[in-house]
Each structure stands twice: as structure tokens, then as C-alpha cells.
Amino acid sequence: MDCSKLCPEWPCEQPSEFKNIWVVMEADENGIHEASLQMLTPAKKIQSKKPGEKIVAVLVGYNVKRFADIPIKHGADEVIVVDDPLLRTYYPRVYGQVVVDLAKKYKPAVILVSATMRGREMGPYIANTLRTGITADCTDFDVDEKTGDVLMIRPPFAAIMLAYIKTPFRRPQMGTARPNVFPVPPLDESRTGKIIEEKLENIIDPGMELVKYTPVKREEVLIEKAEIIVSVGKGIGSPDGVKLAERLAQLLGAVVAGSRKAVDAGFVPPDRQVGQTGKSVKPVLYIAIGISGAAQHMIGVREAGRIVAINIDPEAPIFKQADYGIVGDYRPIVEALIRELERLKREGPKALEELLREEEAVAS
Ligand SMILES: Cc1cc2nc3c(=O)[nH]c(=O)nc-3n(C[C@H](O)[C@H](O)[C@H](O)COP(=O)(O)OP(=O)(O)OC[C@H]3O[C@@H](n4cnc5c(N)ncnc54)[C@H](O)[C@@H]3O)c2cc1C
């Protein structure tokens, strides 16, 4: 294919010259971020359809070499590390340029980046500098059997269908996925792989200066990390309803989140929105109160363990995906749950045993 006709200002590239699937890793002093390890899952899926391609993790930063074997234990075949004191401070352009320089040298066919704050900064920089395409917020990846191109799958705006997007002429093919859309591949301590150490060859002007660093104090658990979530929708109706949900969450050791309409109504802050334009969550238990179950919301809970839906409308779409559904006005239902949990708390393990006995009797 003569791609000079398509993009005359860009150098022509032959996709056949590019090989391997890269996953950009993020790390700090505590280790590699789970969100970047999660991207090894779609990398493995692509690899399964393109035998012979290696999964290569790219680790850039300062004092990060000590973490280089972690991606291998989660499924990477190789790791390229650039570890340099000049990378002590994260600057998007500087880190992005390191990946660009490596990509020019090694010519990967695919680069996957987690859509974290950093990934959202670096991904487009890398794609733009390499003059290639990037598909943001993919929910799945596949491979076109005829051409071998990677298919980046994501819901388009406002739609209940899926778009399959590919980059047929440019390389690398780049895609991002939000944290928690994919699980981290299981740890296999016995896995080994090659670790390639590269020198920092080129340090560009960051275009900004770090003036002050103040870590955000987080007293609350982030919704991405929460084990139990009580999520409210527009149906919660009022701030009083939210208080009821907060009490339920407190008793369960849960975090309160919400739908976009709940955010728009001011019931929950924007950083607690679940869904396509919010966050993806993976709690063991997700209790949805007054949430209809729109596709853009449910995409954020596809990694959730059990979904319990409370909705007044028996036809609400959420009941199609919930593991347990309670039809009715949420108020008496949530109040009853609160009463029961308070009793359990007051009366301790004996009350719990009694409750389990009652449940067993109902089940049999
Ligand atoms: C591009 C795009 C991106 C989007 N991204 C997101 C996103 O990230 N997250 C998201 O959530 N949405 C998102 N949306 C919006 C989404 O389409 C829905 O509009 C939204 O999820 C609906 O929120 P809801 O379920 O709270 O409200 P509604 O759809 O209005 O549902 C309210 C529900 O409450 C129930 N109800 C009412 N009263 C009671 C009561 N007393 N007791 C029990 N139940 C009651 C009703 O039966 C109803 O099912 C997006 C939309 C677009 C177009």
C-alpha cells in the first residue's frame, strides 16, 4: 500500500516492518500500578491471535528497575527499562518522548496504555509524535482475521452499539482502556523473561516546571479500590435519600458512588461517577439504588462481583444484569436494610448466625 497518497507529509511505513505488542507501565516508589498490569490482559488476547508476537512491557522512570520482573510474572515476555535520575519527576512530554524514541528503535506493532491521568497525557503525545492513531477508552480488543490489524472496540458516544476501530496504514496501533476494565492476569512466580536496559539518550524540554508537590490527602477509599459500593441514581430523589444511602454504606464499610444523573443533580461529586465517562469499578458487591441501568453506566461495573439493584420500575434495564433485584420504592427497602444491619452490629455474631439459619430455612 502506497500510504504517501494518504498522508503525503508523513514518511511511508510498511506495517510488516513492525512487530510485538507493547504495554506502557506506570510505577512509583510503591511499585507498578495495577492499572498498567491490567493492560497485559488485552495484550495477551491480541497475542493469542497473532502467534509469534511478544508482549513487551515498557518501564520508564527513576528507581524503577527493581520492579522489572513484575510484568513478566503477570504475562509479559520482555521488559524494556529506562531508569535514570533525570526521570525522577514525571513530565508527560519527557516520559512520552522516551517511549517515542524506544518505539522508533524497536518498531512495535501495537502500544497499549492504561487511561490513567498519566496515560491520558502520554498516550496522545506518543501517538501524535509517531504520527499514528490512538483509540481511547477501549472496552475490548480483537484482531481482524483478514488483515491482522488490531480492532479497538469501544462504545461510541451515546450509543448502545460498539465501534470497531482500526489503524490500517500507520504503525504502531495504539489504544487505551480505563482502569478496571480488564483484570490483572494472574501472578505466575515461575515465569521468566528478558529484561533490556536502555540508556536515556534524549531528554527534551518538559515545557513545564514542577513548582510544588503536595500529595492529595485521601481519607476516603477511592471508588476504583472499594470492595463494596452503594451507588445512587437519579431515583434517589433528594439529598435526604443520599443520606440514607450513606448510612447504609457506613454500616457495610462501603463507599458511595453514583450515576451521571446523580452527579448532574449534585448528589455525588464528579470523581465518584461510575460509567463510560466516569470510572470503572470492580467491587465484590455493587448496590445500585434508583439507577436505571443505561449501557453507559453498566460498562463501568462489568468487573463487579455481585450487583444488587433496587428500583421501583420492574422493567428497569438494570434488572437484566443484576444478580439480585428488589422492586419497590427504595426508602422502606434501604431503611429495613439499615435496621437489620444495626441490629446485627448491636447483637454481634449471635444475630448473624440466627440470620443465616433463617436464610437457610427459606432456601430449603
Ligand atoms: C456519551 C455519554 C456518556 C455517558 N456516560 C455515563 C456515565 O459515565 N455514567 C452514567 O451513569 N451515565 C452516563 N451517561 C448517561 C446515561 O445514558 C444515563 O442517562 C444515566 O446513566 C441515567 O442515570 P440514572 O440511572 O441515575 O437515571 P435514570 O435513567 O433517570 O433512572 C432513574 C431510575 O430510578 C428509578 N426510581 C425512581 N424513583 C425511585 C424510587 N423511589 N425508588 C427506586 N427507584 C426509583 C427509576 O425507575 C429509574 O430506573 C452517558 C451518556 C452519554 C450520552
In whole angstrom, the spacing between the Cα centers of the stretch 72-115 and the stretch 300-323 equals 39 Å
Going by amide H atoms built from the backbone, whose H comes under 5 Å of the H on V143, apart from near neighbours? L151
How big is the charge dipole of the stretch 1-160 about its Cα centre, in debye rounded to the nearest 20, if each Lys and Arg gets +1 on its Cβ and each Asp and Glu gets -1 on its Cβ? 100 debye
Just to confirm the filter: which trypsin sites (Lys or Arg not before Pro) across the stretch 1-59 are DSSP coil and have at most 14 other Cβ within 10 angstrom of their Cβ? K5
Among all stretches of the chain without exposed chymotrypsin sites (Phe, Trp or Tyr not before Pro) (DSSP loop, at most 13 other Cβ atoms within 10 Å), which one is longest? 1-156
Please identify the GluC sites (Glu not before Pro) of the stretch 1-102 that satisfy two criteria: DSSP loop assignment and at most 14 other Cβ atoms within 10 Å. Which are they? E9, E29
For the stretch 236-334, run through the GluC sites (Glu not before Pro) and keep only the ones in DSSP coil with at most 14 other Cβ atoms within 10 Å of their Cβ. E315
Tilt relative to the chain, helix 349-363 - C-alpha long axis, 0 to 90 degrees, to 10: 90 degrees
Kindly give the semi-axes, whole Å and largest first, of the ellipsoid equivalent to the chain, taking each as the square root of 5 times a Cα gyration tensor eigenvalue. 43, 23, 20
Over the Cα atoms of the stretch 15-197, what radius of gyration and what Dmax do you get, in Å? 15.2, 47
HN-Hα J in Hz across the stretch 279-286 - Karplus 6.51, -1.76, 1.60, θ = phi - 60°, x for Gly and Pro: 10, 9, 10, 9, x, 5, 9, 10
Over the chain, with every protein chain in place, what whole percent of the accessible area is carbon and sulfur at 1.4 Å, could you tell me? 54 percent
Rounded to the nearest 5, what % of the DSSP beta bridges within the chain are antiparallel ones? 15 percent
Using Cα atoms only, what is the angle between the long axis of helix 92-106 and the major principal axis of the chain, expressed in degrees (0 to 90) to the nearest 10? 50 degrees
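For I203, I289, what's the largest-to-smallest order of accessible area, 1.4 Å probe?
Solvent-accessible surface, decreasing: I203, I289.
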Normalising by the residue count of the stretch 228-363, find the relative contact order in percent from Cα pairs under 8 Å and 6+ residues apart. 21 percent
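The values are calculated or read from the model by the stated rules, or taken from the named source; none is laboratory data. Note that this is a predicted model, so its numbers are computed, not measured. When we count neighbours, we look across all protein chains shown, and the Cβ atoms used for this are built from the backbone with ideal geometry, even at glycine. Keep in mind that these areas ignore ligands, DNA and RNA; they rest on the heavy atoms of the full protein, side chains included. Shrake-Rupley method; radii C 1.70, N 1.55, O 1.52, S 1.80 Å.
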